[in-house]
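Report on the structure given below.
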Amino acid sequence: MSALPRRIIKETQRLMAEPVPGISAVPDEHNARYFHVVVAGPEGSPFDGGVFKLELFLPEEYPMSAPKVRFMTKIYHPNIDKLGRICLDILKDKWSPALQIRTVLLSIQALLSAPNPDDPLANDVAEQWKVNETEAIKTARDWTRLYAMQ
Amino acid sequence: MGLCICRDWILKKRDSVSSQRDLDNDHPRSTRDPQLESQLRRSLRIHRNAFRAMRSNAMLPEGDHVIDHLVLDTPNMIRTYLDFGTQLPPSMIRIHAFAETERGWIYVIKSMIKNIPIENPLGSAAILLLLDECPIPTKESVNKLTSRLNLKNSSIKSSKALIRHRNICVMLGSLAERLAGPNSIAILTPTVLKYLLSNLNTKNNPLIILFSLIALEKFAQTSENKLTIHKRIQSLPENPLLILEKWIDDPDYDRQQVGFCAQWSLDNIFIHEDRPFSYENVDRKNLNVLLNANDVSEYLKISPNGLIARCDSASFESVRCTFQVDEGIWYYEVTIITSGVMQIGFATKSSRFLNHEGHGIGDDEYSIAYDGCRQLIWHEAHPYQFKHGSWKQGDILGCLLDLVNLKIIFSLNGVAMPPVNHVFQNAVKGFFAGASLMSFQECIFNFGREPFKYPPSGINFKCFNDYANPTEEEKIIYPRFIILKNLHKSSLRDDCCTLCCENVADIMLLPCRHDGFCFKCANMLELCPMCRLCIDERVQQESAVAEEDDSNEAMNPEHNDTSTPIEQDLH
């Protein structure tokens, strides 16, 4: 690997020492820029009880550019598409180098609590979310049970 | 341009699943080679026609036979499609669209298993790349698939069975990587594990062994699987990896790859108690130039002696050598162990490795490389074609860098290609040997430690190995997990920049007055990272300039470079 930036070392050490509640982020043992992430579905959300696996990768330019994050567990959510890609402003144009892996994961957790169908990535899901929210939430619950529970 | 359709990271392709529109709008980036361009057009036309034919048939979704055809054509498509960095080829988008349903997904996988030819050097990579972009399958789909595969390897006799089993192994590895986590655990059923381990029997075809080894390695990315596999391996009467690692010097190139991967696994993943790490036993006599373990993208595998490079990930992995040349005429050789896409040549330190974007050596203005699979010389991500037949296993690529007459000459088995000089517009010194490798590719570097096979005649060249003088410690390539373990133990100073954690934080931004940044980082910013206010001014705060920690500088050679200019500015 190219010499690992201290910023990444520092963040990793802190993540290990003071983990975020409901989230686990473990660096790959061969690639310090790659994190295995598990996010618990937030209480009260349709994802409650689910365990969602994500991958997080810090690109060469990090922290000047945002981490790349993607869901690896199937999820029914208007801001997450079927490839697991996430529509979240801080991962795109609203990225700031003062944000961290920790803050990114907290934002993703928050996105699970508060889906935003007006800024969709998965169009069909967003449509359903707007037209019939009750039905959409039910589907999200079903998917959580089907794909995100052991 | 390198070929990597990697994991996301493809946010720019976010609407790529809507196949029809993309299909009609997709044009490969024009190249400077008309012949190549027409070849590309031709291949795209074939796909469009197939699609139109199908569409006019009925308003049905893609037919199975069309998918078979597209899957079969994927390795060739990869060979001719040069625009992977920005968009996927239309045929792949269609395959992915087809794979959205459970039935479709299983069909695509089975089609790959049946159709991807073993002799095509890009076949295995095609499976990995196709799978990497398919929609995430459900656990049920995966279970259905593995239960239908009938994983028994007792009868790998016919060539058809060989293709099938090779492809199953590649596919299992790719799935394990793609679905790391609970789903990867679900795939590694006792049957699958038994199948992969029994494939390691030395009597099997080396390609079956190779891709079974790689699959086990990828399953082990999920730690629970790693424990399961490790336990099973240790319970065997004889550890198959210990037997297979002896193949590393085998004259057969497929067996050699098995040897490399077995050794890699033993050093990095399935560590065997009584076996010393390979780096402890390397003969480093007259070994003066190596591939640089500190100047490599993160998934490339480097052998313990620093001369073999191998890539088994879906990304386009790059490396530079340890020795820089600034003047004179230099030559090195590379043995081609796999005949797929590799871009081998020269690069300065300014050349960047963007493995996930598919950019490597030859894809920017500071590097130039030859790819003998597609027979292209690459510079600034533009291909220039040279017709002479694709390279084969065991071929020797010669790379001559002439900084006196400013030309670079690539040669294959002693047959020289016309000289090229594009890169010298941007750099005339500071060159390193370098290479970028696509999935499942491997090559061996000779910087002059061994006699050259095809030394350029009539040219008075120097070889890297005669001029470098590294310390013994610099010649050691440690397994990566050892390096990382040590790194994560290192301590950091308290007054460092909150963004890079490298330099002293002594800059305040105006007008917002946020601080905690170093000069280097502050200079890269337009907006304050805390409040997003536009930065008008960056002023140095005196308190922080105070003391410099010597111990810190040893680990951070750049430290002085970045802090000096601003101090000069001040005084």
Which of the trypsin sites (Lys or Arg not before Pro) found in the range B:200-248 are in a DSSP loop and have at most 16 neighbouring Cβ atoms, other than their own, within 10 Å? B:Lys203
Checking the a/c ratio against 1.5 first, then a/b against b/c, what shape does the Cα gyration tensor give for the range B:293-481? rounded
For B:Ile118, put the label point 7 Å out on the Cα→Cβ axis and report which residues of the range B:165-192 keep their amide N under 12 Å from it. B:165-169
Of A:Ala140, A:Ala110, A:Ala126, the most mobile residue in a GNM of chain A (C-alpha springs, cutoff 10 Å) is A:Ala110
Suppose every Lys and Arg Cβ carries +1 and every Asp and Glu Cβ carries -1, with no other charges. What dipole size does chain A come out with about its Cα centre, to the nearest 20 debye? 380
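In chain A, how many lysine pairs have Cα atoms under 15 Å apart, counting only pairs 8 or more places apart or on different chains?
Summing the qualifying lysine pairs gives 7.
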1.4 Å probe, heavy atoms, protein only - residues of the range A:1-36 losing at least 40 Å² accessible area vs chain alone: A:Met1, A:Arg6, A:Arg7, A:Ile9, A:Lys10, A:Gln13, A:Glu29, A:His30, A:Asn31
Nearest-0.05 FRET efficiency for A:Val131 and B:Thr101, computed from C-beta distance (R0 25 Å): 0.65
Under 5 Å between amide H atoms, partner at least 5 residues away or on a different chain: which partners does B:Leu533 have, H built in plane at 1.01 Å? B:Cys528
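When you look at the Cβ of every residue in B:493-499, what mean number of other chain Cβ atoms sits within 10 Å?
Details: counts 1, 0, 0, 3, 2, 6, 7.
Mean number of neighbouring Cβ atoms from other chains: 3.
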Indicate the gyration tensor shape class of the range B:226-285 (rounded, prolate or oblate), computed on the Cα atoms with a ≥ b ≥ c the square roots of the eigenvalues: a/c under 1.5 is rounded; otherwise a/b larger than b/c is prolate and the rest oblate. oblate
Compactness check, the range B:169-221: C-alpha Rg relative to the 2.2 N^0.38 Å globular estimate gives 1.05
Length gained, B:Phe461-B:Asn426, 0.36 nm per residue minus C-alpha separation, equals 10.3 nm
Comparing the chain by itself with all protein chains present, which residues of the range B:292-307 are at least 20 Å² less accessible (probe 1.4 Å)? B:Asn294, B:Val296, B:Glu298, B:Tyr299
The distance between the Cα centres of the range A:125-141 and the range B:101-144, in whole Å, is 31
If r is the Cβ-Cβ distance from B:Ser491 to A:Val20 and R0 is 25 Å, what FRET efficiency results, to the nearest 0.05? 0.65
If amide hydrogens are placed 1.01 Å from N in the peptide plane, which non-local residues have theirs closer than 5 Å to the one on B:Asp312? B:Lys301, B:Phe440
For the range B:426-440, in residue order, the Karplus 3J(HN,Hα) values (coefficients 6.51, -1.76, 1.60; θ = phi - 60°; whole Hz; Gly and Pro = x) are 10, 7, 10, 8, x, 8, 10, 5, x, 8, 10, 10, 7, 3, 6
What number of lysine-lysine pairs in the range B:357-495 show an alpha-carbon separation below 17 angstrom, given a sequence spacing of 8 or more or placement on distinct chains? 5
Tell me, what % of the accessible area of the protein assembly as shown is carbon and sulfur with a 1.4 angstrom probe? 51
Quick one: in the protein assembly as shown, what % of C-alpha pairs are over 51 Å apart? 11
Karplus ³J(HN,Hα) for the range B:91-107 (6.51 cos²θ - 1.76 cosθ + 1.60, θ = phi - 60°; Hz, whole; x = Gly/Pro) runs 5, 5, 4, 5, 4, 5, 5, 5, 7, 6, 8, 4, 4, x, 4, 4, 5
For chain A: relative contact order, % (alpha-carbon pairs under 8 angstrom, 6 or more apart): 22
Can you spot the lysines whose alpha carbon is less than 18 Å from B:Lys110's alpha carbon? Ignore those fewer than 8 places along the same chain. B:Lys139, B:Lys144, B:Lys152, B:Lys160
Could you compute the FRET efficiency for B:Asn281 and A:Lys138, with r as their C-beta to C-beta distance and R0 at 51 Å, rounded to 0.05? 0.25
The long-range amide H neighbours of B:Leu403, using H built 1.01 Å from N in the peptide plane and a cut-off of under 5 Å, are B:Gly328, B:Ile329, B:Trp330
Quote the total accessible area buried by chains A and B together, excluding ligands, DNA and RNA, probe 1.4 Å, nearest 100 Å². 4900
Which of rounded, prolate, oblate describes the range B:86-137, given a ≥ b ≥ c as roots of the alpha-carbon gyration tensor eigenvalues and a/c under 1.5 marking rounded, otherwise prolate only if a/b is larger than b/c? oblate
Kindly give the semi-axes, whole Å and largest first, of the ellipsoid equivalent to the range A:6-148, taking each as the square root of 5 times a Cα gyration tensor eigenvalue. 27, 16, 12
With a 10 Å cut-off between alpha carbons and a GNM built on chain A, which of A:Thr134, A:Thr73, A:Thr12 moves the most? A:Thr134
Would you mind pulling out the separation of the Cα centroids of the range A:1-71 and the range B:218-259, in Å? 29
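The values are calculated or read from the model by the stated rules, or taken from the named source; none is laboratory data. The model shown is predicted, which means the values in this text are computed figures rather than measured ones. Heads up, the Cβs are rebuilt from the backbone with ideal geometry, glycines too, and the neighbour counts pull from every protein chain shown. The protein model used for the area step is the full one, side chains on, heavy atoms only, and it has no ligands, DNA or RNA in it. Shrake-Rupley method; radii C 1.70, N 1.55, O 1.52, S 1.80 Å.
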